[in-house]
Structure formats: C-alpha cells, structure tokens
Amino acid sequence: MRLSKVWTIIQHEYVTNVRRPGFIIMTAIVPALALIGLLVGAYGGGLLKNMGQSLVNFFEGTSKRIGVVDGTGLFTPLLPEYEGNFTLFGGEEEARKALEDGKVDAVLVIPSDYIENGKVRVIAKGSSFEAVALEDSKWFKGFFVSHLLRGKVEPAVSRRAADPVTIQPEVLGEKGKVQGGGPWGILFTFIIPYFLAFMLVMTIFVSSGYLLQGIAEEKENRVMEIIVSSVSPLELLVGKVVGLGAVGLTQVLVWLLSLLGFTSGAVMLLTISAFSLPPSTLLLLVIYYVLGFAIYAFLMAGIGSLGTTMRESQQVAGILSMFAAAPYMLSGFLMANPNLTIARVLSFFPLTAPTMMLFRLPLAKVPWVDIAGSLAILSLSLLGAIWLGEKLFRVGILIYGKRPSWKEIWLILRSS
Amino acid sequence: MVIEVRNLLKRYGELVAVRGLSFEVKKGEIFGLLGPNGAGKTTTIRILMDILKPDEGEVKVLGRSPSEVKEKVGYLPEERGLYQGLGVLETLVYFAELKGVPRSVAKERANSLLEKVDLLDRAKGKVKELSKGMQQKLQFIASIIHDPEVVFLDEPFQGLDPVNVELIKGLITELREQGKTVVLSSHQMNLVEALCDRILLINKGEAVLYGPIREIKKRFTPNSILVKSPQLPPIVKGVQAVTRKDDAFLLTLAEGTSPQAVIKALVEEGVELEAFEVAPVPLEDIFVKVVKEGRHSALI
C-alpha cells in the first residue's frame, strides 16, 4: 500500500466533505440549538440556571413551609434550625385554616401515640404526591431525628444522626492506587464510559453516513473506475475510511464540545475526569475506539458499495450500527456491575466488544483475560473486515445499474 | 512490446468473459480493440489496468505487471464521470496527484491541457457548470494529465459533436507523434479506420481478427473494381459479372485477373471512363461480417 496515495485520498475526502453545505449546516445545527436554549434561559431570568436546584428542592421539600400540630410535646418548642420551614400550631383547625389561606404548604399532624406506632398525618392541597414525597426526604426525616434526640445526646451526634452519611465514591485501581475520588467521583463513574461509548456510536453513525453517501455518489458519477485505475481498491478504501472517519469525528466533536461548552464548566470537569484515569486505561480506551471504528467502517464501506441506491446501503449499515449501540441497553446493569457475565461475553464478540469495553474499562478493574482476549479478537476481526471490505468494495464499485444477488456476489467474490 | 497478453482467461461465475486471448501492442502505435457489446473488451482493458485480476494467463504492460505501472498508464473508461461539485482545475490536480504527480507540476500541466481544449477560461469554475461536451473533453485530458506512456481510451468519442470529435482525434494523433502508445476501443468504425494502425477484433471473449488494418482490409476486399462510365460493353475480357451500383458499375473480376488488365482492356475498347477505383470495403462491413459469421482469423 502506497501511503502517499492514501494521504492524497484522505485529504481530498476530508476537504471536499467539510466544505459541503450539508456538512456545514448539520454541524452548525447542534451548537445553534444549544445557543438558542441558552439565550432563552437567560431571557427567562435565569430559570434554566436554577432549574436543577429547583427540582432537587421540590423532591427534597426544603423549600416547603410546614405547619406542625404536636400531639406529643416532643417537638415543642421547635429547634432553631427548623424554625424557618416549620411553624407550630395549637390545634388542627388553626393549621388547616393556615393551609387554606396559603400560609403553609402542608400540615404535619403528630398524634399523641406517635412514639408507639410512628404514624403521622400530612395534609396537603391538591394531590397526595407531595405528602408521599416528604417521606423519602432526608431533610424531613432529619426533623424527626433531631427533635427525638434533643437533650439525650450531644448536639453534634444529634446532627449526624439526622444526616448520617454522604458517600464519596473511590475505586481501587492498579497497584492499589485510589482513583476517581473527591468531587469528580460521580463524573468519573458515569460520564467517561458514557462519553466514550457515545462518541464511538455517534462517529460510526455519522461517518458511515458520509462513507455511504460518498461511495454512492462516486458510483453514480462514474468516477470510481477512474480512481481505481490510479490506486488499488484497498488504498482507496483506507483513504475513504480515514478521511470520512475524520469528517465524522470533526462533526461529533463540534457537537459535543459546543454542548459541553454551553454548560458551565462541564468541559473542564470532563477533562479532569479523563486525567484521573490511569494512562494505561486511557491508552486502552483509545485502542478500543480506533479498532471499533475501523472494523465498522471497513465493513460498511464494503457492504455500502454493493448497493445501487443510498437507501439500500443505509438499510444494511443501520443493522450494523445496532450492534454498536447494543451495549447501551445494558448500561443500567453495567453501572452496578461492569463484570456481569453477559458483559464479558459481549466483550468477545467483535461488533459489540468496542462499545462494551469502552463502558467497562473506566468503571472497574476488568480481568486481563477479557482485555487480552477482546483485543486479540478485535485485531483479527479488523484484518477480516479489511479483507472482506476490500473484496466487496472491489466487486461493488464496478457494479452499475442493478443490485447483485447474493449468489452473484458469492460467485464474484470466489473468482476475485 | 508495450503490452503482451498471453492466453488470458477471465470468468464471472459460470460466464467466461475472456477466453484464451493473446495479443501484443507495439510502442508508438494506435491499437484498436474492437468487438460487439459484451465481447469482453472492457474486461480485457480492466485487467490491463489492474482493476480486475485474470483467472489464467499472463499480462504485461511496459514489461511489468499492470499493478506496478499504474502511474505510467492513462485510462478513460467507458463508465466515466466527474465530481460535479468540484472545480475544473481541482479535479485535474486531484487525478494527477493520484498518479503521483506533484501538485505544482500538476497545476502547470492542467493549465496547458485546458488551453489545448479551449477550457482554460473555465479552470476556476465548477465541473457542473460545463456542458456535456466540455465535460467529455475534461475527462479526456484527465486521462493524460500525468503524461502516461500508454493510454487506454474506451469509447472516447461517445457523446461528442463533430467539432470535438476532430479535436480529440487530433489529440490522439498527437499522442502517437509523441511516441505514446494508445489502445482505442470504439464502435465508431470510421474513426477506428482513420486512426488505428492495427486492430484486434474480439467476439464472445475470443480473438477473431488481429493484425494491421491495411492487411485486413486487403484480405477482405473482393477482387472487384468500381467504374464510372456512361456505357459499358456487354462483355469485358477478364470480367465475370457486371452489376449496377448507384451511378457506377461494379465489375467482379475473374480469378487471376488484375484491375490494371481490366482497365487496359476497357481503354482499348474505347470505353469513356469518368472514374475508376478498386472497390473499397469499409471496416464496419468486415466487422459485421466476421461477427455474424463467427469467423476466426489468425492473420497477424
């Protein structure tokens, strides 16, 4: 393979495709939408900025004003730290009136037999949803714990009993080194695998679209035969895969960076998260990404060249893309246990291995057998994909007008 | 020899596209590769261009395997086209770069060729802005942009008007004058006849006629002369039959009689001769005859 020829094709494919109005419009759409969203948010008086906190507050109930009818005497007087949200009422009638007048959002009735059976009543307006939501609220439970322990334990112990634990996740990596601790713990656990697997799947989708479009156009324009008279089908195939892969990667990167850029500081968080991974894991992630993309791209180019219309090629390519996205369906289970049997099995299947390993590697210590085995299978599969892709491409690019039958493809492949 | 093909065989599944084909092309000649549709011409050219691999036989271009000499060979395929969205000069430079020509040299050569085909003023425009004839000319110069030693031209006159046919004919002749070798495949027999030194006619994948055009025509020319005269005597010495052909008479000569002897006899008899010539046989007639009869000829 002559690299100078491949490089010429890579440059041509990249430059001509990023100049297309279709590419520019598609690439600009996501940042434009994000910008519009940001402007709308800013116009709405910072509503977007506070939306996350508002949601948390709603479910936590910390913004609610609650009227308390204390039948036990244990809550009277209220501890100072709860006076902002809780107001004591002498009787239920008085509290109900305050609720009707909108002075409180809910009424908490603590009966005299509360200590025996733990039952309280919450009276709210509208639905019972808010009353139920309060039961799971850490803040609401803290109110009870603090008052029940008042005077019986040290104030600090009482406060700790009201809010006993805040978990800081840490994962033991290579050589016992702790990784991913501190404030980036959650990012480390969730964003890296999601980001990498998402990047791979998106790049496969986007680049395969450009690959199929490029091949279909060149077949339609009848340029293909002129080109293969100058370069080998393999050189053309590699040039196209790398050039159009770079086009797809450019688009996905612009989309992601623009989205991240518009969310405060997320890029920085992501970068810090990425650097919190050991270099060996980062290197493996890059290898899996490249292997995964190459296998899909060579297969798609080969299969795509057999189609006579864009739609036909896309149908087959769509089926292949489903394999790349399949591990997403297991992402919920993978977060809990990255070494599930099904995950390990799919790590050895060439079409699911790249995405699966991109998910698993940042989450936990993956057995070396899985890494070595899947890398070996992927390397062999890449050779197979190049061989098959080149054969199909060699046959497909010379087929004009009608779609070949499977029998015809087989006969031509056998004779080529 | 610039091209050597020995016992070439190519199958597509059950179908044998080329069957035991052997021929040679000499340096500096225009060689016609002819045949009806589906005869195996394009398959043969694709093998010579290393686009397809042969099943059997030996193929050498410039003394080497076709894959080793791609940069020295030009190709104008029958199924051809251009990137419609690309610039005219950009297209030529890209095709030249694929043939290993440095960008600066490619630009210089592209401009010179564009000037030759009256397209220099379109160099900065887009391909889609060119007329069909202009695009054909662009495709032709794209096949010689890298100054190849050998050029394969598959139907180079397809879709061209008479003015542009003459222009391309001139460029092909110029290639021969520069010592380049041209393999020409075309259904326009008058043009093949006017340009080619030697031809190979293939039918159903096999060679049926091969050799210099002049010798082939001589071989297929019937022993007859065409005479233009107001009146002919009923019997002419050495003439077997006389038939009227438009405004002339076609005289079929007896075996062993030369056209000169018949003319001499007519003059001696006082026949008023306006014109006479040895009856020509167009290549097209030979083509049709050989293909219809499925005749084989070992003429070399």
- Message: Running a GNM on chain B with Cα contacts under 10 Å, which residue among B:Ile216, B:Ile45, B:Ile235 ends up with the highest mean-square fluctuation?
- Response: B:Ile235
- Note on the structure: Nearest 10, in degrees from 0 to 90: the angle of helix B:132-144 to the longest Cα principal axis of chain B is 80 degrees
- Which of A:Lys219/B:Lys99; B:Lys10/B:Lys70; B:Lys26/B:Lys60; B:Lys99/B:Lys124; B:Lys169/B:Lys292; B:Lys72/B:Lys107 have a Cα-Cα distance over 24 Å? B:Lys169/B:Lys292
- Write out the chymotrypsin sites (Phe, Trp or Tyr not before Pro) in segment A:318-411 meeting two conditions: DSSP loop, and at most 13 other Cβ atoms within 10 Å of their Cβ. A:Tyr400
- Item | Estimated vicinal HN-Hα couplings, Hz - segment B:17-34 in sequence order (Karplus 6.51, -1.76, 1.60; Gly, Pro = x) | 7, 9, 10, x, 7, 9, 6, 9, 10, 8, 5, x, 10, 9, 10, x, 10, 10
- When you count, for each residue, the other Cβ atoms within 10 Å and take the mean per peptide, how do B:91-102, A:2-13 rank with the highest first? B:91-102, A:2-13
- Query: Within the P(r) computed for segment A:58-162, what percentage of the Cα pairs occupies the region above 23 Å?
  - Reply: 22 percent
- List every residue whose amide H lies under 5 Å from the amide H of B:Val183, counting only residues 5 or more places away in sequence or on a different chain, with H placed 1.01 Å from N in the peptide plane. B:Phe31, B:Val151, B:Phe152, B:Leu153
- Note on the structure: Within segment B:10-48, DSSP-loop GluC sites (Glu not before Pro) with at most 14 other C-beta atoms within 10 Å are B:Glu14
- Sparse-neighbourhood loop sites, trypsin sites (Lys or Arg not before Pro) in segment B:142-250 - DSSP loop, at most 15 other Cβ within 10 angstrom: B:Lys237
- Message: At 222 nm, what value in deg cm²/dmol follows for chain B if DSSP H runs of at least 4 each add -39500 (n - 2.57) and the sum is divided by all its residues, to the nearest 500?
- Response: -10000 deg cm²/dmol
- Within the set B:Leu48, B:Leu113, B:Leu226, GNM on chain B using Cα springs under 10 Å gives the largest fluctuation to B:Leu226
- Compute the acute angle (0 to 90°) between the alpha-carbon long axis of helix B:283-293 and the principal axis of greatest extent of the alpha-carbon atoms of chain B; round to the nearest 10°. 90 degrees
- Test item: B:97-108 mean partner chain Cβ contacts at 10 Å: 3
- Query: If you count, for each residue, the other Cβ atoms within 10 Å and average over each peptide, how do A:372-382, A:146-156, B:80-90 line up from highest to lowest?
  - Reply: B:80-90, A:372-382, A:146-156
- Convex hull volume of the Cα atoms in chain B, per residue, in Å³? 159 Å³
- Query: Pairing the Cα long axis of helix B:162-177 with the longest principal axis of chain B, what angle in degrees results, from 0 to 90 and rounded to the nearest 10?
  - Reply: 80 degrees
- Message: Under 5 Å between amide hydrogens, which residues at least 5 positions from B:Glu79 or on another chain qualify, with H placed 1.01 Å from N in the peptide plane?
- Response: none
- Query: Per residue of A:216-224, what is the mean number of Cβ atoms on other protein chains within 10 angstrom of that residue's Cβ?
  - Reply: 5
- Query: Other chains near A:5-18: what is the mean number of their Cβ atoms within 10 Å of each residue's Cβ?
  - Reply: 2
- From the cross-link list A:Lys5/B:Lys132; B:Lys41/B:Lys132; B:Lys217/B:Lys289, the entries with a Cα-Cα span beyond 21 Å are A:Lys5/B:Lys132; B:Lys41/B:Lys132
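Every read-out reported here was derived from the displayed coordinates using simple, explicitly stated rules and does not represent laboratory data. Predicted model, so just to flag it, every value in this text is computed and none were measured. Glycine gets a Cβ as well: all are built from the backbone with ideal geometry, and neighbour counts include every protein chain shown.
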